[in-house]
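Below is one structure; the comments refer to it alone.
The values are calculated or read from the model by the stated rules, or taken from the named source; none is laboratory data. Fair warning: this is a prediction, and the values are worked out from it, not measured in the lab. With ideal geometry, Cβ positions are generated from the backbone for all residues, glycine too; neighbour counts draw on all protein chains shown.
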Amino acid sequence: QVQLVQSGAEVKKPGASVKVSCKASGYTFTSYYMHWVRQAPGQGLEWMGIINPTGSSTTYAHKFHGRLTMTRDASTSTVYMDLSSLRSEDTALYFCARENGPHLYYFDQWGQGTLVTVSS
Amino acid sequence: QSALTQPASVSGSPGQSITISCTGTSSDVGSYNLVSWYQQHPGKAPKLMIYEGSKRPSGVSNRFSGSKSGNTASLTISGLQAEDEADYYCCSYAGSHSSVVFGGGTKLTVL
C-alpha cells in the first residue's frame with residue numbers, strides 16, 4: 001500500500017535550519033509531484049511548495065522564498081524539505097503530501113507529520 | 001495570496017445535512033475546477049474527501065458531495081454521523097505563481 005513516512009520530531013534554535021525527510025513506498029516515486037504543507041499549533045493548513053517528479057523544478061509559496069529548499073532522491077524514494085533561518089513562528093507540524101496529478105493539485109496521500117519546534 | 005474564506009464553525013444533529021462554504025476569488029476558486037476538500041481529526045493527517053470540485057475518492061462515503069458556483073465552493077455532508085465531527089479544509093489551485101491556497105478551516109460539531 002502507498003505510504004509516506006516522515007522523519008522524527010526536531011527541536012531547533014532560532015536562526016538554525018531544519019531538514020525533514022519523507023520516504024515513499026508502494027508506488028512509482030518518480031511519477032508524482034510532491035508538496036509540503038505545514039500546520040502551526042491550533043491553526044489551519046498552509047501550503048509551502050511543490051517539487052516535480054524529477055526534482056528539476058520547484059515552486060515555493062512567496063512567504064518562504066529564500067528560506068525553503070525542496071529536493072528529492074529517486075534512489076531512496078525520499079523527498080526533503082529544508083527550511084533555514086528558523087524563527088518561533090515556524091513551529092509547526094510539517095506534512096509531505098502526494099499530488100495525484102499531474103497538475104490537478106489535490107493530495108491523496110499524506111505523511112504522518114513531523115513536529116518542528118523552534119525555541120531558544 | 002490570501003487564504004480562502006471558510007466559516008470558523010458549523011454544527012448539526014445526527015442525520016441532518018450541513019454545508020460548508022469556501023469563498024475565494026476569480027484568481028483561484030473562480031478560475032479553476034481544482035478545489036479539493038480535506039477532513040482532519042485531532043492529531044491526524046488530513047484526508048482527501050473531494051477533488052476537482054465534486055469528485056469523490058474511492059472509499060469516501062457518498063454522503064459527502066462538493067459543488068461550486070462562481071468564486072465559492074461548497075462541501076455538503078448529508079446524514080450527519082458522529083464520526084464526521086472534525087475540521088474541514090478547502091483547497092484551490094491559484095495559478096502558476098501562487099500555486100495552492102487553503103481555507104482557514106471549519107470545525108464541524110455533531111450535536
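Hey, among B:Pro57, B:Pro42, which residue is at the interface with chain A (Cβ under 8 Å from one of its Cβ atoms) and part of a loop (DSSP other than H, G, I, E, B)?
Every option except B:Pro57 fails the conditions.
Of all strands (runs of 3 or more DSSP E) completely enclosed by the stretch A:77-120, which ones contain at least 2 residues that are modelled with pLDDT of 95 or more, closer than 30 Å to B:Ser31 by Cα and within 14 Å of chain B (Cβ to nearest Cβ)?
Because the criterion is at least 2 residues that are modelled with pLDDT of 95 or more, closer than 30 Å to B:Ser31 by Cα and within 14 Å of chain B (Cβ to nearest Cβ), the strands (runs of 3 or more DSSP E) in the stretch A:77-120 that meet it are A:92-99, A:107-110.
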Filtered residues of the stretch A:1-11 (kept if surrounded by fewer than 17 Cβ atoms within 10 Å (Cβ to Cβ) and not in a loop (DSSP other than H, G, I, E, B)): A:Gln3, A:Val5, A:Glu10, A:Val11
Hits in the stretch A:21-40 - residues which are assigned to a strand (DSSP E or B), within 14 Å of another protein chain (Cβ to nearest Cβ) and not basic (Lys, Arg): A:Cys22, A:Met34, A:His35, A:Trp36, A:Val37, A:Gln39
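Checking the conditions here, which among A:Thr58, A:Thr69 is surrounded by fewer than 18 Cβ atoms within 10 Å (Cβ to Cβ), more than 12 Å from chain B (Cβ to nearest Cβ), free of Cβ contacts under 8 Å to residues at least 24 places away in the same chain and not small (Gly, Ala, Ser)?
A:Thr69
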Positions within the stretch B:95-111 being within 14 Å of chain A (Cβ to nearest Cβ) and farther than 18 Å from A:Gln43 by Cα, in sequence order: B:Gly95, B:Ser96, B:His97, B:Ser98, B:Ser99
Considering residues of the stretch A:81-112 that are surrounded by 21 or more Cβ atoms within 10 Å (Cβ to Cβ) and small (Gly, Ala, Ser) only, the residue farthest from A:Gln3 (Cα to Cα): A:Ala92
Matching option when the condition is more than 24 Å from B:Tyr89 (Cα to Cα), of a type in the set (S, T, N, Q) and under 14 Å from the mean Cα position of the chain (by Cα), among A:Thr28, A:Thr69: A:Thr69
Residues of the stretch A:8-22 satisfying the condition of being under 11 Å from the mean Cα position of the chain (by Cα) and of a type outside the set (Val, Ile, Thr): A:Lys19, A:Ser21, A:Cys22
Residue under evaluation B:Ile20, criteria (1) part of a loop (DSSP other than H, G, I, E, B); (2) closer than 24 Å to A:Gln43 by Cβ; (3) more than 13 Å from chain A (Cβ to nearest Cβ), criterion not met: (1)
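Have a look at B:Ser26, B:Ser36, B:Ser67, B:Ser92 and point out the one that is loosely packed, with under 15 Cβ neighbours inside 10 Å and either within 10 Å of another protein chain (Cβ to nearest Cβ) or in a strand (DSSP E or B) (or both). Working first, answer last.
On the way: B:Ser26 fails: either within 10 Å of another protein chain (Cβ to nearest Cβ) or in a strand (DSSP E or B) (or both); B:Ser36 fails: loosely packed, with under 15 Cβ neighbours inside 10 Å; B:Ser92 fails: loosely packed, with under 15 Cβ neighbours inside 10 Å.
Just a single option satisfies the conditions, and that option is B:Ser67.
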Failed item in (1) without any contact (Cβ under 8 Å) to a residue 24 or more places away in the chain; (2) surrounded by 14 or more Cβ atoms within 10 Å (Cβ to Cβ); (3) not in a strand (DSSP E or B), with B:Ser98 passing the rest: (1)
